[in-house]
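Values in this text are rule-based calculations from the coordinates and carry no lab data. Fair warning: this is a prediction, and the values are worked out from it, not measured in the lab. Quick reminder, even Gly has a Cβ in these numbers, built from the backbone with ideal geometry, and neighbours come from all protein chains shown.
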Amino acid sequence: MRHFADSIAQALSALTGVAPSEIKIEEPRDRAMGDLAFPCFALAKALKKAPPAIASELAGQLGAKLTGITAVASGPYINFQVERALLARTVVGTIETRRAEYGRSDYGRGKTIVIDFSSPNIAKPMHVGHLRSTILGQALVNLHEALGYRTVGINHIGDWGSMFGGLVVAMKRWGGARVGADGKVVLDRAKELGIDIEGDPVRGLLEVYQRSKKVLDPEKPEHDPAFAAEARAAWIELESGKDGEIRALWRWVTEVSMRGFSRTYKRLGIRHDLVRGESFYEPFLAPTFARCEQAGITEISDGATIVALKAIDKGLAETPCLLKQRDGTTLYATRDLAALYHRWDEFHFERCLYVVGAEQKLHFRQLKAVLKRLGADFEPRVEHVDFGLLLGTGRTKLASRKGDVLVLDELLDEVVEETSRVVREKNPELAGQQQIAEQIGIGALVFNDLKRERIKDVVFEKAEVLSFEGETGPYVQYTHARMASILRKAAASGQGGATPDWAALADAAPVLIRLSQFPDVVRSAADHAEPSELAQALLALSRDLSTWYVGSRVLDQEPSVTAARLALVRSCKTVLANGLRLLGVAAPEEM
RNA sequence: GCGCCCGUAGCUCAGCUGGAUAGAGCAGUGGUUUUCUAAACCACCGGUCACAGGUUCGAGUCCUGUCGGGCGCGCCA
């Protein structure tokens with residue numbers, strides 16, 4: 001469609017003398033008006049004529065300039081319709097040529113994009129709160145990768161902080177943790193703590209972690225000063241970089257945590273290029289702080305080191321950025337600043353996206369303001385890709401029945417289990433039901449999250465996620481599976497070899513237009529860091545396609561008609577599959 | 001109190017950089033299967049685009065204000 005819009009703009013430019021880039025060809029809301037339209041208001045001043053007069057005059061002249069496109073004046077608009085056979089041949093031809101590559105481009109070639117996403121904390125299982133960042137981030141990686149960018153997905157795991165001193169001490173004291181002769185970590189009393197070393201140690205670790213936090217807290221009755229002192233010493237040892245037992249235990253916690261995350265990531269199709277926790281940036285903290293001091297932007301306020309931001313951003317007058325606490329230890333902002341400079345030095349990114357919840361908007365606003373004060377010219381390339389909260393029924397915090405945080409794996413299991421039931425019921429003959437249930441269930445969950453604008457809060461209604469009707473992932477998957485089914489039947493009966501009669505696709509114009517928009521949608525979704533644009537486009541395509549194919553039977557028609565319709569079916573299947581893949585949703589051949 | 005975000009049909013949401021009678025899904029009502037998977041399709045029902053001003057040839061879209069909801073606001077991340 002872009003191809004046709006360009007030639008129309010060229011023709012209009014030749015007739016009016018206005019630059020082609022200034023001529024905005026748009027798509028009418030109502031398809032009955034045409035495939036494309038040009039509103040003549042903008043030309044009224046330059047040509048000193050009323051828009052309707054311009055429209056009718058230009059429409060007449062355009063006839064000679066355009067081939068295969070008819071122009072009709074309608075009030076102040078010129079409406080264009082592409083000749084149906086030409087439209088079909090062009091769109092289907094392009095997709096048949098490019099196949100899995102359709103939608104991909106070299107738009108971002110030579111540019112690097114860094115995407116920071118998911119970022120769970122160690123010693124805890126991943127919970128539903130990480131879901132949105134994880135799947136949004138992966139979709140953004142996929143989208144940019146398709147556009148030819150070099151993508152660097154970074155998992156900035158929370159693996160650093162004084163609380164880990166407490167955890168290590170707790171493991172030693174209560175669990176008998178030590179480093180064995182072979183250098184491996186052993187926990188003599190793992191069972192008593194409920195830590196399953198071989199299986200999923202994180203579950204048990206979480207309880208130890210929570211218990212240690214109570215013991216460390218002077219406000220709590222469980223408080224133990226000796227324990228606290230030991231924990232502090234352990235943290236100091238960790239920070240010192242000494243590679244002893246303390247560090248080995250901390251490393252073990254990181255490893256087993258990552259092992260658990262990996263399982264979940266695999267199910268969700270998540271892959272990071274780099275796992276760099278907060279600890280990774282530890283050596284860069286001091287230089288980063290020094291950079292700020294040398295730039296002369298730091299101040300001492302109530303004993304803490306801050307950067308005032310009022311001059312950069314009036315809204316931040318009351319909220320300067322804190323770099324160091326009163327006790328001299330650094331904070332979140334210092335770490336992110338260090339990470340940012342490190343990433344800039346390493347990648348010279350075109351964009352650096354932080355896929356982090358909207359509740360941290362202030363933090364990123366502060367961070368960017370500090371960068372400005374530092375004169376960092378890459379500051380505009382740093383973007384906070386914010387998103388709304390994931391909430392439970394009644395806008396409450398999403399939790400499990402017991403009231404504690406809902407573990408992501410449990411949620412996935414639950415969704416897949418329920419999906420299995422539905423699959424058995426809807427398609428009892430289907431082979432490989434378990435795998436397909438996994439694809440549908442997870443697809444439903446992922447799509448449900450990506451289909452709406454990311455800034456909107458998502459109220460997690462299990463019934464809605466599992467309904468599979470209407471605007472859902474399974475609806476798109478189902479449409480795709482049915483196209484696959486038609487193609488299988490065509491192959492089995494040897495149909496589709498005739499020369500296609502493209503004019504027979506006149507009734508599929510809405511579908512063809514959707515197909516033609518796909519590459520633009522991919523680009524826009526990436527540029528706006530908004531996968532929902534793609535999800536919405538796939539829904540619209542599925543809708544128009546469903547309407548078409550129930551009314552226009554593909555198989556057993558005139559051979560030339562069947563050939564044309566089969567080509568369209570193949571194109572639609574291709575686009576649905578490509579689109580779903582970009583969103584991180586599987587596209588099963590059968591369901 | 002200050003800052004930011006959201007406010008479109010009963011519910012959940014689309015509506016691209018302002019453009020022609022505001023679109024889907026769910027829920028409700030009524031239909032469609034000897035024919036490519038009924039996880040589908042069709043029809044009907046349903047909206048003062050929170051409210052009030054302003055800019056514009058033209059505002060759901062931009063600006064200002066009001067109201068309602070959410071998030072955040074120095075030693076956590």
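Overview of results
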| item | result |
| --- | --- |
| Distance from region A:127-157 to region A:34-93 (C-alpha centre basis), Å | 41 Å |
| Lysines with Cα under 21 Å of residue A:242, excluding same-chain neighbours fewer than 8 positions away | A:172, A:184 |
| Rg/Rg_globular for region A:26-71, with Rg_globular taken as 2.2 N^0.38 Å and Rg from C-alpha atoms | 1.22 |
| Selection from A:51, A:295, A:338 lying farthest towards where the dipole of chain A points positive, charges on Cβ | A:51 |
| Rg and Dmax [Cα atoms of region A:47-200; Å; Rg one decimal, Dmax integer] | 31.1, 91 |
| Region A:163-268: relative contact order as a whole-number percent, Cα under 8 Å and 6+ apart | 32 percent |
| Relative contact order %, region A:2-118, counting alpha carbon pairs below 8 Å whose residues are six or more apart | 19 percent |
| Rg/Rh for region A:2-82, where both radii come from Cα atoms and Rh is the Kirkwood radius | 0.92 |
| Viscosity 1.306 mPa s, temperature 10 °C, Stokes-Einstein D of region A:163-268 from Kirkwood C-alpha radius, µm²/s | 112 µm²/s |
| Cα convex hull volume per residue for region A:237-344 (Å³) | 151 Å³ |
| Kirkwood Rh (inverse of mean 1/r, distinct Cα pairs), region A:408-524, angstrom | 17.0 Å |
| DSSP bridge pairs, chain A: antiparallel proportion in percent, nearest 5 | 60 percent |
| Lys, Arg +1 and Asp, Glu -1 on Cβ, resulting dipole of region A:2-82 about Cα centre, debye, nearest 20 | 200 debye |
| Trypsin sites (Lys or Arg not before Pro) lying in DSSP loop within region A:74-174, provided at most 12 other Cβ fall within 10 Å | A:109 |
| Whole-Hz ³J(HN,Hα) from phi, Karplus 6.51 cos²θ - 1.76 cosθ + 1.60, for region A:550-559, glycine and proline x | 6, x, 10, 5, 8, 7, 6, 9, 3, x |
| Net lengthening on full extension, residue A:46/residue A:325 (0.36 nm per residue, minus Cα-Cα) | 94.2 nm |
| Potential extension, residue A:397-residue A:182 segment - 0.36 nm per residue separation minus Cα distance | 72.9 nm |
| Linear extension gain, residue A:105 paired with residue A:211, 0.36 nm per residue minus alpha-carbon span | 32.9 nm |
| Distance between modelled label sites at residue A:32 and residue A:413, nm, 7 Å Cα→Cβ extension | 5.5 nm |
| All-pairs alpha carbon distance profile, region A:294-367, 5 Å steps from 0, percent | 3, 14, 21, 24, 21, 12, 4, 1 |
| For chain A, alpha-carbon Rg over 2.2 N^0.38 Å | 1.17 |
| Convex hull volume per residue in cubic angstrom - Cα atoms of region A:499-538 | 64 Å³ |
| Whole-Å distance, taken between Cα centres, linking region A:496-518 and region A:547-591 | 11 Å |
